[in-house]
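Let me begin by presenting the structure, written as structure tokens, before commenting on it.
The values are calculated or read from the model by the stated rules, or taken from the named source; none is laboratory data. What you see is a predicted model, and the numbers here were worked out from it, not measured in a lab. As a convention, Cβ positions derive from the backbone with ideal geometry for all residues, glycine included, and neighbour counts pool all protein chains shown. What goes into the accessible areas is simple: the full protein's heavy atoms, side chains included, and nothing from ligands, DNA or RNA. Shrake-Rupley method; radii C 1.70, N 1.55, O 1.52, S 1.80 Å.
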Amino acid sequence: MTGQEMNSKTKVYDVLIIGAGVCGCAIAHELSRYRLDIAILDRNADIGEGTSKANSGIVHAGYDAKPGTLKAKLNVRGSQMMPQFAQKLGIPFMRNGSMVVALSDEDEDHMQKLYERGQKNGVEGLRILTREEALAMEPNLSDDTKGALFAPTGGIICPFRLTSAMAESACVNGVNFCLLTEVTGIEKTDEGFRVDAIRYDEFDESRDEKVSFETKTVINAAGVYADKFHNMVSKDTLTIIPRKGEYCLLDSTAGGHVGRTIFRMPSDLGKGILVSPTIHGNLLVGPTATDIDDKEGTFTTAEGLAAVNAPKASAVKNIPMCDVITSFAGLRPHGDRGDFVIGEAKDCPGFIDVAAIESPGLSASPAIGEMVSGIVCDILHPLKKDVYVEELKPFTYLKLLPEEEQRALIEKDPSYGNIICRCAQVSEGEILETIRRPLGARTLDAVKRRTGANMGRCQGGFCYPKVMEILSRELGIPIDLISKKGRRSPILYRSAEAGKEDPSLAKTGMAPDRRGAAPEPLSEAGAIYDAVVVGGGPAGMAAALSLSQKGIKDILILERDTELGGILNQCIHNGFGLHTFDEELTGPEYAARYIDMISDGAAGISCRLETMVMNIQPHMKDGKVYKVVTAYSSRNGMQKIMTKSVILAMGCRERPRGALNIPGYRPAGIYSAGTAQKFVNIDGLLPGREVVILGSGDIGLIMARRMTLEGAKVKAVVEIMPYSGGLRRNIVQCLDDFDIPLLLGHTITDIRGRDRVEAVVISKVDDKLHPIPGTEQVVECDTLLLSVGLVPENELSRNMGIEMSPATRGALVTDELETTCPGVFACGNVLHVHDLVDNVSKEAKEAGEYAAAYIRAFDEGSEHTAVNPDPDSKLMRRFAERNKTRNEATCADERLAPDGSMSRTIPCIVCPAGCMIRVTTKDGRVVSVEGNTCERGEAYARSEAVSPVRIFTSVVKVEGGRSPVVSVRSDRPIPRDKIKECMSLVKDLKVSAPVDIGDILMENAADTGCHIIATSKVSPFHVK
């Protein structure tokens, strides 16, 4: 239950509202002005979880509805109310205007009729544009454009914030919100109505209970279920048909493709495929319109997504559908009476329907609230309250504030300086605010809808775990109880011991504070750095050290995480450093080598952790062009840092599901492989038990092994290409060693499960990578991991105006790794995605050397040659050459000779080259080895043929540590058949903080003679 506490079994309400969607909340908002006892019931864990959460977010002008209908009247009235309504509720709203585009002579006739209809409906400012006028306003309209109907009063709003703001206003003014309460029956009584329901416990199904409510009036605002409740009390039956609309949401980089909401001419099924900017700066394309029978059928389909993606589906050309970040479906409650159904049921006084509220329901919602409030007042004749909270405290959107207001806010509350969602630029302060406000967020989806966190281009790949940690701390519940949208959608697998291991959690009820060292002192006013390196991962650290080695002294690394190392900290497997350090290391060990070198005071490198760079701008000083870096930090506030040069080393991100347009539901249990890797290797948490992995990139292959070792069952690794995307050594160690099937030439064509993943459908593909009908197989699972490619993280680069390469998706650079912005260099995965971290370090070292030369010339006053990147640069040639290399899947290749000897081909795993070595054995002895290119390869092949060994890596639980686990490995290879036994021992092991790299945590593991040693550091946790 959410809202004010009550005893629903005895209390009699004046008004009971069924459904906490946009209409139910609008009605509650209006009725809360009166001296009425009001409750609103909804079966979901948050408001707006039904129709209201999946629509276009468009405030229609009102020209489309038939004159004289409730749709027409309430649409125009709602549109007129919306600006002031949004202002009082403190939510963003924009009158961007809308166009209905005519693409044929028939459309022009229809356009004239729409204009006349709009005039009758009272829409202000309508006018018909010529082709030339329309194209002048929107250059990306279709080439077939003949004209357009322009409505300046059309607008865009966030439907989630509109709904939650109205709900919050109602709650503040005394309305009880009973969420997780599902109505099961309604009975007319002499006094009014008895409403039976089931109240769901937030976490434990065994604690669900049946409850009843007594009320004088019932308002039926139940969306697609409104007919169900209407028909419980009325013989004048109502039918609601779920009409599904499928959408694609594009990245903010595509948000400026159109400035207004662009429609095609409407049909009987709706307004067609529209294209519109969103209030958050994205681009929305959709919806389709398909009548279905399933009132829960919010799954996307291959046909629907294809219709949205069709080149001429809309009236806009050249839509960059390659920038799709997610797809979704919503259900509109289409009624059988051709209009909104609002009013008392004919044969049941006091039962008020608010049904069949399809488009333009969102636009009309303020007016619907006003109308229904009037109906209730006519029945109950309530008095107005003496005290009513008219205006809400505006929600804080950090990125929408002027810079000086941002600075002041962060100084007042440092949590606003901690950027959690880098894609949408959402701070910890905003997330805390949305949790702490009335009807505060309690699930990931609730945070997402209120703040925009998890809605950016990575779709939560980076901020998912961070938001979970904040929810855990704020709500005082174990992190594995945090859900996507309620108890049936858990994010993590919950074992009997879950949440009990960490003493800090037991003492505080919160996830531990993992912030790192004390803040780096700010430079003196007016101080100028020689170089600022953005990113403290392998590229950033190598570039900074290279600068230092070239004599540059004033170097600053800005890192958004709590420690240096970047992605290496969660890559606990071995295989790093063979080229850089001539030995095989794990990711944390590789990072530690660089961290130790940077920590040496002689290097002259300063670091600021938990610092997010938001902007870089040129600045003229003393006749020279410097750069001013704007960064946010909860420790140091808003910082303006002047520097002579900048090296960009922000790394890369994983492609989300939306970029693949996989049809199906949007349940919990879908993660990027990197997100799952963080859960397992950093947080010590398991995201699922039965797993399918899409994509055979190295992270996906490595996570197949990690999930298996942690006790999960990996059903298959599915790869659309006829070859694996990962290194051959990883195929051997991660799949072959554990008998995990690799399905080449397959893809996932459906995701099943409304709340949590229940199964996926896997299909073969043809030579054009299209699914082959009839090849579908259903694989039951509770988790889907995506390892479908990496993309350079270049939002900062784009904001600087740096020219981007369509081939690498990173910055276009010269042979000196300088971007099109003079003095700004790029290296590592932000430039192009590398296979090996050793190559990242090598390239970053070069970037540091070139930046050092630039700085020396800058100091000497030398004129800088204009930057003119060569499309045929060394980098581009190297990138093209690398992409020619493909990894074939390993397969059995055994040959028995007449003399009894056996020969087989063994992929070498001692280095990324992955040589295919031919080994011949006889009587258990190696007779010959061919095909190796180094002595290490021969030694490996001899061992692999008779007694295979592997380096074992995992994590061990830590008590009292700032991190719940520490990464570990065996100090030398152990027999391959001992790996699972070793893992069993390690899972039962607990150590106490502090832990240092190299500490022996277990001796003679599994009687192998090998020790288990720590590969990362964990400092003690101190309860504040």
* To do: Report, to two decimal places, the Cα Rg of segment 893-966 normalised by 2.2 N^0.38 Å (N = number of residues).
  => 1.59
* Asked: Semi-axes of the equivalent ellipsoid of the chain: what are they in whole Å, largest first, if each equals the square root of 5 times a C-alpha gyration tensor eigenvalue?
  -> 52, 34, 30
* To do: For Ser415, tell me the accessible area in Å² from a 1.4 Å probe, rounded to the nearest 10.
  => 20
* Asked: If we count every other residue with Cβ under 9 angstrom of Ala853's Cβ, Lys/Arg +1 and Asp/Glu -1, where does the sum land?
  -> 0
* If you bin the C-alpha pair distances of segment 288-400 every 5 Å from 0, what whole percents do you get? -> 2, 7, 11, 13, 13, 14, 13, 11, 8, 5, 3, 0
* Averaging sequence separations of C-alpha pairs under 8 Å and six or more residues apart, then dividing by the length of segment 251-349, give the relative contact order as a whole percent. => 25
* **Cα gyration tensor shape of segment 72-136, rounded if a/c is under 1.5, else prolate or oblate by comparing a/b with b/c** => oblate
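Out of the GluC sites (Glu not before Pro) in segment 355-408, which ones are loop residues according to DSSP with at most 14 other C-beta atoms within 10 Å? Walk me through the numbers before you get to the answer.
On the way: sites: Glu358, Glu370, Glu390, Glu391, Glu403, Glu404, Glu405; in loops: Glu358, Glu390, Glu391.
Sites meeting the loop and neighbour criteria: Glu390, Glu391.
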* To do: Using only Cα atoms, figure out Rg for segment 925-988 and give it as a multiple of 2.2 N^0.38 Å.
  => 1.54
* Of Val778, Pro687, Gly192, which is farthest along the charge dipole of the chain in the positive direction, counting Lys and Arg as +1 and Asp and Glu as -1 at C-beta? -> Gly192
* **Solution diffusion estimate, µm²/s, Stokes-Einstein, segment 563-668, Kirkwood Rh from C-alpha pairs, 25 °C, viscosity 0.890 mPa s** => 140
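Given a 1.4 Å probe and every protein chain left where it sits, what share in percent of the accessible area of the chain is carbon and sulfur?
49
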* How big is the charge dipole of segment 269-425 about its Cα centre, in debye rounded to the nearest 20, if each Lys and Arg gets +1 on its Cβ and each Asp and Glu gets -1 on its Cβ? -> 540
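Report the GluC sites (Glu not before Pro) located in segment 563-604 that are in a DSSP loop and have at most 16 other Cβ atoms inside 10 Å of their Cβ, or state none. All intermediate terms of the calculation are to be shown ahead of the outcome.
Numbers: sites: Glu563, Glu583, Glu584, Glu589; in loops: Glu563, Glu583, Glu584.
Of the GluC sites (Glu not before Pro), the ones in loops of segment 563-604 whose Cβ has at most 16 other Cβ atoms within 10 Å are Glu583.
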* **In sequence order, calculated HN-Hα J values of segment 898-911 (Karplus, 6.51, -1.76, 1.60; Hz; x Gly/Pro)** => x, 7, x, 7, 10, 10, 8, 8, 10, x, 7, 10, 6, 8
* Structure fact -> Checked segment 202-330 with the C-alpha gyration tensor, a ≥ b ≥ c its square-rooted eigenvalues, rounded below a/c of 1.5, otherwise prolate if a/b is larger than b/c and oblate if not; verdict prolate
* Per residue accessible area in Å² of the chain, where ligands, DNA and RNA are left out and the probe is 1.4 Å -> 39
* To do: Would you please report the Å³ per residue occupied by the convex hull of the alpha carbon atoms in segment 346-502?
  => 214
* Asked: Let a ≥ b ≥ c be the square roots of the eigenvalues of the Cα gyration tensor of segment 167-223; is it rounded (a/c under 1.5), or, if not, prolate (a/b larger than b/c) or oblate?
  -> oblate
* What number, in percent, do you get for the relative contact order of the chain if the mean sequence gap of Cα pairs under 8 Å and at least 6 apart is divided by its residue count? -> 9
* To do: On each of the three principal axes of the Cα atoms of segment 530-598, give max minus min coordinate, whole Å, ordered largest first.
  => 36, 26, 15
* Partners for Lys624 among lysines (Cα-Cα distance below 28 Å; same-chain residues under 8 apart left out) -> Lys550, Lys553, Lys640, Lys644, Lys845
* When the label point is put 7 Å from the Cα of Lys11 along its Cα-to-beta-carbon vector, which residues of segment 171-196 have a backbone N closer than 12 Å? -> 174-179
* Structure fact -> Cα extents of segment 223-274 along the principal axes, largest first, in whole Å, come to 51, 24, 15
* Once every Cα of segment 348-392 carries one equal point scatterer and solvent is ignored, give the base-10 log of I(q)/I(0) from the Debye formula at q = 0.13, 0.22 Å⁻¹, two decimals. => -0.42, -0.93
* So what's the back-of-envelope 222 nm ellipticity for the chain, counting only DSSP H runs of four-plus at -39500 (n - 2.57) apiece and dividing by all residues, rounded to 500? -> -7500 deg cm²/dmol
* To do: Identify, among Ser943, His280, Val833, the residue whose Cα sits farthest towards the positive end of the charge dipole of the chain, taking +1 on the Cβ of Lys and Arg and -1 on the Cβ of Asp and Glu, with the dipole about the Cα centre.
  => His280
* Relative compactness, segment 752-806, computed as alpha-carbon Rg over 2.2 N^0.38 Å -> 1.80
